Amino acid sequence: MNLAYELHDLVRTLDRQADEILRTRDLGYLRYVALIIIDEHPGISGRQLAHAVGVSDAASSGIVRKLEAAGLVHDVSPDGSGRTRNWTATSEGVALRRECDELLGDGLGDTARRIGLDPTELAHTIRALHNALRTSEDQK
């Protein structure tokens, strides 16, 4: 059994399940993630958002355009900022984010408990592993 593959497959499964649930609200998983980040970081630039979501600047721009067209985010760029755009969630965006948070619930945590795992302990283990991998990458 390969740990890296198992984690990758788990994440893909979670993403697909979340995407199916979020589509009932006309919101795909990447747009939901972008909405969370914009909500938690008001005024975030498009480039910062792309980095946080893990997509190209062009892909981030497409995601934000869809969120803006749906009235979920708006541009708060100061005058004279050129092509840089800064984004903030609208009240509708915040409300939809909260609704989607509720819809998604804690399915992974519930599943972990059902098979005898402590979700908090599991989360700490995953965070420690992730931090160690990031640290080793930074040292290259």
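Any read-out appearing in this document is the output of simple, stated calculations on the displayed coordinates, not a laboratory observation. Because the structure is predicted, anything quoted here is derived from the model rather than measured. Methodologically, a virtual Cβ is constructed for each residue, glycine included, from the backbone with ideal geometry; neighbour enumeration extends over all protein chains shown.
Tell me, what HN-Hα J-couplings in whole Hz come from the Karplus equation 6.51 cos²θ - 1.76 cosθ + 1.60 at θ = phi - 60° for each residue of segment 10-27, using x for Gly and Pro?
4, 4, 4, 5, 4, 4, 4, 5, 5, 4, 4, 5, 5, 5, 5, 10, 6, 9
Each residue of segment 97-112 in order: what ³J(HN,Hα) in whole Hz does its phi give by Karplus 6.51 cos²θ - 1.76 cosθ + 1.60, θ = phi - 60°, with x for Gly and Pro?
Listing the rounded values in order: 4, 5, 4, 5, 4, 5, 4, 6, x, 10, x, 5, x, 4, 5, 4 Hz.
Give the long-range amide H neighbours of Ile44: residues separated by 5 or more places, or on another chain, with amide H under 5 Å away, using H modelled in the peptide plane at 1.01 Å from N.
Trp87
Can you work out the FRET efficiency for the pair Ala70 and Leu14, with r the C-beta to C-beta distance and R0 = 22 Å, to the nearest 0.05?
Computed FRET efficiency for Ala70 and Leu14: 0.40.
When the chain is modelled as a GNM with alpha-carbon springs shorter than 10 Å, which of Thr120, Thr24, Thr13 fluctuates the most?
Its mean-square fluctuation being the largest, the pick is Thr120.
How much length is gained if the chain between Arg134 and Tyr5 is pulled fully straight, taking 0.36 nm per residue apart and subtracting their Cα-Cα distance, in nm to one decimal?
Between Arg134 and Tyr5, full extension yields 44.7 nm more.
Mind listing the long-range amide H neighbours of Val73? Cut-off is under 5 Å, sequence gap 5 or more, other chains count too, H placed in the peptide plane at 1.01 Å from N.
Answer set, sorted by chain and number: Glu68, Thr90.
Over the chain, what number does the Rg to Rh ratio reach, with both radii from the alpha-carbon atoms and Rh per Kirkwood?
Using only Cα positions, Rg/Rh for the chain is 1.02.
For n ≥ 4 DSSP H runs only, could you compute -39500 (n - 2.57) per run for the chain, divide by its residues and tell me the 222 nm figure to the nearest 500?
That calculation yields -22000 deg cm²/dmol at 222 nm.
Quick check on packing: order 41-51, 125-135 by the mean number of other C-beta atoms within 10 Å, highest mean leading.
Going from most to least packed, we get 41-51, 125-135.
Provide the descending list of Cα extents for segment 6-86 along its principal axes, expressed in whole angstroms.
Computed over segment 6-86, the largest-to-smallest principal extents equal 47, 25, 21 Å.
How many nm is it between the label spots at Ala58 and Thr24, if each spot is 7 Å from the Cα in line with the beta carbon?
3.5
Estimate the FRET efficiency between Ser77 and Glu40 by the formula 1/(1 + (r/R0)^6), using the beta-carbon distance for r and 30 Å for R0, to the nearest 0.05.
FRET efficiency, Ser77 to Glu40: 0.95.
Evaluate the relative contact order of the chain (contact order divided by residue number), counting alpha-carbon pairs under 8 angstrom at least 6 apart; express in whole percent.
That works out to 20 percent.
Which ³J(HN,Hα) values in Hz, rounded to whole numbers, follow from the phi angles of segment 31-48 under the Karplus curve 6.51 cos²θ - 1.76 cosθ + 1.60, where θ = phi - 60° and Gly and Pro get x?
5, 4, 4, 4, 4, 4, 5, 5, 4, 7, 9, x, x, 4, 7, x, 5, 4
I'd like to compare 99-107, 84-92: which one has the highest average count of other Cβ atoms within 10 Å, and what's the full order after that?
With the highest mean Cβ count within 10 Å placed first, the list reads 84-92, 99-107.
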